[in-house]
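See below for the structure under consideration.
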Amino acid sequence: MELFASPMACSLASHITALEAGLPLKVRFIENKKTDDGGDYYQISAKGYVPALRLDDGQILNEGPSVLQYLADRKPEAGLAPAWGTMERYELIDTLNYLSTEVHKRIFANVFNPKAAEPTKEAARALLEPTLDYIAKRLDDRDTLVGDKFTVADAYLVTLLNWFAFVGCDLKKWPTIAAYHRKHLQRPAVAQAMGVEMAERQRRAA
Ligand SMILES: N[C@@H](CCC(=O)N[C@@H](CS)C(=O)NCC(=O)O)C(=O)O
């Protein structure tokens, strides 16, 4: 399998998940809609965004929540997604949708978009703190979002919490979240994936 990714973007959650599950996966970073071998990324993702997971038979999944669940379901014993048909699985889907639409897209897609109008950015920034208030309440001193195991929802939230830090939102004001983030940053799979992705960012910045 190949994961098309951008360093420290939402595709980091899929990278973490594959490492957590011990799945054989080649991470291929894209830049300016080109693949690492100079190919046109639109030939892989008509939508032009990451993550895209190319399966060994050539089929492609190109939405974070489906990529995450596909990877988790390849290794059920890793506990990265509750079993299908259980209430916990629906809680996981509910949480992935929340993170994807309300946090990722409604906030960060606007805050990071250089072309977004200032009032749009301002409205998105105004959601940063209430969102962290909600997440802190939701975690309520627990260190996982769904059930009591680290799941793909946590891989996604860790990825998004990195972005709060990038936009100067100091997580120290939310001690539950800061502790959650610190703890999961120490997971070997998270540290390994972020090490690779930060190195790629630094290579580009050099
Ligand atoms: N609906 C997609 C959105 C993915 C997305 O926004 N990816 C961003 C990186 S975090 C991206 O590739 N942006 C570049 C672009 O849209 O051109 C999902 O949830 O996976």
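The values are calculated or read from the model by the stated rules, or taken from the named source; none is laboratory data. Note that this is a predicted model, so its numbers are computed, not measured. Here Cβ is always computed from backbone atoms with ideal geometry, including for glycine, and neighbour counts include all displayed protein chains.
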Residue in the range 137-151 that is at pLDDT 95 or above, within 19 Å of VAL190 (Cα to Cα) and within 12 Å of the ligand (Cβ to nearest atom) present: no
Qualifying residues in the range 82-101 (those that are of a type in the set (A, V, I, L, M, F, W, C) and over 17 Å from LEU71 (Cα atoms)) - the one surrounded by the most Cβ atoms within 10 Å (Cβ to Cβ): LEU99
Options ALA124, ALA179, ALA153, ALA193: the member that is assigned to a helix (DSSP H, G or I), of a type in the set (A, V, I, L, M) and surrounded by fewer than 16 Cβ atoms within 10 Å (Cβ to Cβ): ALA179
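Is it fair to say ILE30 is within 19 Å of the chain's Cα centre (by Cα) and surrounded by fewer than 21 Cβ atoms within 10 Å (Cβ to Cβ)?
Considered against the rule, which asks whether it is within 19 Å of the chain's Cα centre (by Cα) and surrounded by fewer than 21 Cβ atoms within 10 Å (Cβ to Cβ), ILE30 comes out as no.
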